[in-house]
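A short worksheet on the structure shown next.
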Amino acid sequence: MIEATLSFPRRFLWGTATSSHQVEGENTNNDWWQWEQQEGRIERGHRSGQACDWWGGRWKEDFARAAESHQNAHRLSVEWSRIEPNPAVWDEDALDHYRQIVQGALDHGLIPMVTLHHFTNPLWIAEDGGWLNPRTVQRFVRYVRKVVDALGDLVPMWVTINEPNVLAYSAYLAGAFPPGHSDMGQALKVMRHLVLAHAGAYRAIHELQPGALVGLAHHYRGMWPANPRSPLDRRLARFRSAVFNEAIPRALVDGMLNLPGRRWRVPEAAGTQDFLGLNYYTVERVAFDIRRPQELFSRGFYPEDADLSPTGFIANEPQGFWEALRWAHGFGLPIYITENGVEDAADRLRPRYLALHLRQVWRAVNFNWGVRGYFHWTLVDNFEWERGWTQRFGLWALDPRTQQRTKRPSADMYAEICRQNALSSQTVARYAPEVVSQMFPGRPAGELAPEGVASR
């Protein structure tokens, strides 16, 4: 093994990401709270409840933990249902509360990136058709204007919508998110409305705050053919990737939303990204399966020898991250990794997952691909949607009954990386020794180190 340091650019952003419903607690006026009360919707009957008690003020101690860990940024979201509990009725106290949170991030040296929609809708929006209703587009833009007017002087970067592809798929095709529908036509219609909502929000933000950076957080899921020699597997993997990974981001470039059986012109969406927010977790293999007509005669799965997270939810596939970064680079925009992480309560997989994935970020940086920051998912264990509390993504563990936080070893590992603005062989050897030789192999005497690697 060589001793080496993989260094990142000056002013690179190192942070963690959170979302309002998952950390605030007692978000009783949105569709997810209502969804949680229905039997069978959430694994093991879990509920968000108090979550991480951020609305009760525990964001202060969690921001302190982030700052003490040498993080310099944080991605958080605001809750539409708190700010606009009824149509065009604004809760100024809630806005002031968010202003205190954002100011608190700044006071801890954390540059805020604020997400305006992270899966949840006010009940009155849900009861009026949710994202199937075209009126939701302008209602969302109205809400965005209100938030930006209140917080814009504190927030340099905005994410309009988190993972619109996941929202459309999970809520209107897979039925795992509210309203729990399974209708391809509805899912495609919702994707169009989400693109229009992003475009309207983008223009509204720039009207109010011309110097802001605005993008969306796009979930890129690698899809590789199970059998690369099979024309059917290859074709289905390409098709699934085109719908899930490509359609929405491409529409924000050229104003054309290309979906199965639909080709919509959305000219107002063209050129509405100042940066590309990339959420990446894993890669799945795609195989032809005649028994699955509802899934386009295909199935996605992980190989038997995959390096899996404890619940089998994520496979450790750093090469897929490299491909996602290469794909993102193709848009010619600055890139922020707005989410990347793994569920791992015992913290056995997370250190090597983090090391191997950050190595791919470093490779992209050294190709001058414009990667500006990395936000790890997540700071503290939180409520993971339909999976409840069964998955633990936090650098700090959380007991939701007592609100006690416990630092995991990977929190110290990430702190070292943030402090050094680098990933060193010593850090990897300390926290993920099993991948040291893979990441820092020996080399013949006299051979020069690769560009960007400081050896000693």
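Any read-out appearing in this document is the output of simple, stated calculations on the displayed coordinates, not a laboratory observation. Everything numeric in this text was worked out from a predicted model, so none of it was measured. Here the Cβ is made from the backbone with ideal geometry for all residues, glycine too, and neighbour counts use every protein chain on show.
Points to keep in mind about this one:
- Chymotrypsin sites (Phe, Trp or Tyr not before Pro) within the stretch 249-312, DSSP loop, no more than 14 other Cβ atoms inside 10 Å: Phe297
- Under-5 Å amide H pairs with Leu13, H placed in peptide plane, nonlocal only: Gly373, Tyr374
- Applying a DSSP loop filter and a limit of 12 other Cβ atoms within 10 Å to the trypsin sites (Lys or Arg not before Pro) in the stretch 217-314 leaves Arg229, Arg291.
- Between Arg387 and Glu268, the modelled labels are 3.6 nm apart [label points 7 Å from Cα along Cα→Cβ].
- Cα centroid separation - the stretch 217-283 against the stretch 423-441, whole Å: 34 Å
- Of all stretches in the chain that contain no GluC sites (Glu not before Pro) in a DSSP loop with at most 11 other Cβ atoms within 10 Å, the longest one is 40-303.
- Amide H contacts of Ile2: Gly442, each under 5 Å away and 5 or more positions distant or on a separate chain (H built 1.01 Å from N in the peptide plane; Pro and chain starts excluded).
- The Cα atoms of the stretch 261-339 give a gyration tensor whose axes a ≥ b ≥ c have a/c of 1.5 or more with a/b no greater than b/c, which makes the shape oblate.
- Ellipticity estimate at 222 nm from DSSP helix runs (n ≥ 4, -39,500 (n - 2.57)) divided over the chain, nearest 500: -11000 deg cm²/dmol
- Counting neighbouring Cβ atoms within 10 Å and putting the fewest first, the residues Trp224, Trp369 line up as Trp369, Trp224.
- Applying the Karplus relation 6.51 cos²θ - 1.76 cosθ + 1.60 with θ = phi - 60° to the stretch 192-201 yields 3J(HN,Hα) values of 5, 5, 5, 4, 5, 5, 4, 4, x, 5 Hz, where x marks Gly and Pro.
- Coupling constants for the stretch 380-388 follow from the phi torsions by the Karplus curve (6.51 cos²θ - 1.76 cosθ + 1.60, θ = phi - 60°), and in residue order they are 10, 2, 9, 7, 9, 6, 5, 8, x Hz; glycine and proline get x.
- Sorted by Cβ density within 10 Å, fewest first, the residues Cys418, Cys52: Cys418, Cys52
- Three-way shape label, the stretch 12-422, alpha-carbon gyration tensor, a/c 1.5: rounded
- Distance between the stretch 321-366 and the stretch 127-144 - C-alpha centres, whole angstrom: 33 Å
- The stretch 33-117 shape via C-alpha gyration tensor axes, a/c threshold 1.5: oblate
- Phi-derived couplings, Karplus 6.51 cos²θ - 1.76 cosθ + 1.60 at θ = phi - 60°, listed residue by residue for the stretch 214-231: 10, x, 10, 9, 9, 7, 9, 10, x, 9, 10, x, 4, 10, x, 7, 8, x Hz, with x used for Gly and Pro.
- Put in order of Cβ neighbour count within 10 Å, fewest first, the listed residues Thr390, Thr338, Thr115 become Thr390, Thr115, Thr338.
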